[in-house]
Amino acid sequence: MVALREIDAATRRLAVVAGMASYLDAAALVASGLAVGGFYAPAFELSPLAVGLLLGLQTVAFATGAVLGGHIGDRAGRRRVLIASLALYVLGIGILAAATGVVSLAVGLTISGLAIGGDLPVSLAIIGEEAPEGAKGRLIAFSQVLWIAGIGTMGALGVIASGHGVTAGRTLYAFLFVVGSVVLAMRLRLRESRDWIAADAKRASRIEGGRSDGPLGHISTSVWMTAAVLGIYYALWNLGANTLGQFRPYLWINVFGGDPRGISWLILAVLPIGLAGTMLFTLVVDGPAQRRWFICGSLISIAGWLLVSLRLEQSSFVSLCVMFSVGASTSGEVVFKVWVQRHVPVLARARVQGATVAVARLLAAGAAVVTPLIATWNVQFLFSSLAIANIAALAVALFGVRRFRGPAPIGAIDDDRAAPN
């Protein structure tokens with residue numbers, strides 16, 4: 001395992017600048033949940049169905065952006081996508097900050113969703129490719145720290161701005177507009193991934209030798225099988241994560257009788273727990289202890305969903321938020337990111353991650369459309385279903401992901417070592 005001090009400054013800087021995709025992703029989702037589901041809803045007269053449709057629209061756009069960004073990132077390079085997607089993000093967030101009704105909300109959510117979807121798979125790919133051996137998992141897991149920081153920042157701003165209605169929502173989006181603009185300026189100086197350059201040169205050699213690459217590349221069935229297992233795991237786990245990410249304010253206010261300030265405090269309160277857990281996980285993610293930490297985190301999350309499904313009380317919902325924060329620091333998205341970078345070859349990496357994230361987000365978008373209605377009809381059914389989804393995700397990981405072999409070689413897009421035995 002490589003110590004943090006042994007990683008050169010340029011690589012650490014790249015991990016932060018590219019990893020800000022996770023910060024901006026999480027922050028945008030939480031900001032939209034607080035603004036569309038809370039601060040904007042009364043002023044714009046948004047019904048439960050309208051809230052679900054708008055937030056679902058952002059998720060559909062995210063899925064579309066992930067597919068497009070992943071494809072372009074594998075074919076044309078990481079740097080171009082990282083710059084273009086963040087420019088689009090700034091535009092979409094700016095529209096949301098100035099929104100005056102349903103139409104402008106829909107436009108802003110669509111553009112911002114496309115941007116964060118395109119940014120995420122490529123940002124993770126370049127971090128994994130530039131990180132030295134023995135530190136790849138650590139730097140990928142660090143992006144999860146930024147993801148939690150994005151949630152915490154929006155929670156803090158929500159607490160400060162709560163009580164100011166529409167102005168509070170505009171404040172959240174204005175902050176993201178500034179942060180996105182600063183990161184965009186920093187990304188203009190990023191270098192291209194050296195692994196991608198080397199892999200692309202091998203691809204060019206194959207084409208010059210008379211081997212047609214095709215629009216999707218020669219990605220073998222074994223690589224797609226790897227993608228399928230990873231995608232199923234992430235899609236099942238993400239149903240609960242997306243529900244808490246987008247509808248935590250809505251559920252707290254409309255189901256458990258809380259208030260906007262209370263949910264902002266709750267989001268903020270679980271931040272240190274998630275940060276501490278994730279930072280500890282970065283110390284073990286590149287070693288054999290990762291599996292034990294993953295199982296433990298998964299079980300803690302499952303226990304949280306089961307608790308709130310059995311006891312529909314504010315205290316149970318608070319416990320769920322705490323337990324999910326602990327569990328997500330060593331399972332779910334953070335290990336999914338590490339597994340993709342470890343088991344999928346360079347020239348298929350962004351596409352595979354984009355495709356799997358897209359499937360997960362589309363499934364979550366479908367659930368998001370009806371989540372407010374289900375919560376109103378039978379909230380116990382909602383939480384029980386999410387508990388079952390998390391149990392199924394753990395089963396897929398235990399019996400599927402463990403069968404993968406070691407890291408895929410640079411330059412390969414059809415190598416069988418990326419596949420299950």
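What separates the Cα centres of region 356-390 and region 70-149 is a distance of 24 Å. With the helix formula -39500 (n - 2.57) applied to DSSP H stretches of n ≥ 4, the chain reaches a computed 222 nm mean residue ellipticity of -27500 deg cm²/dmol. Across 385, 315, 325, mean-square fluctuation computed from a Gaussian network of the chain (C-alpha pairs under 10 Å connected) peaks at 315. Sorted ascending by nearby beta carbons within 10 Å, beginning with the fewest, 164, 343 become 164, 343. Basic side chains Lys and Arg get +1 at the Cβ, acidic Asp and Glu get -1 at the Cβ, and with that the dipole of the chain about its Cα centre reaches some 600 debye. Among 8, 25, the order by Cβ neighbours within 10 angstrom, fewest to most, reads 8, 25.
By other beta-carbon atoms within 10 Å, ranking 370, 285, 178 with the fewest at the front produces 178, 370, 285.
For the chain, hydrophobic long helices are taken as DSSP H runs at least 24 Å long by C-alpha position along their axis with mean Kyte-Doolittle hydropathy of -0.5 or more; these are 9-34, 48-76, 78-97, 102-130, 136-161, 166-187, 221-254, 290-310, 346-399.
Quick note: the coordinates plus some simple rules give every number you see, no bench work behind them. Keep in mind that what you see is a predicted model, and the values were worked out from it rather than measured. Cβ sites come from the backbone with ideal geometry, for glycine too, and all protein chains shown count toward neighbours.
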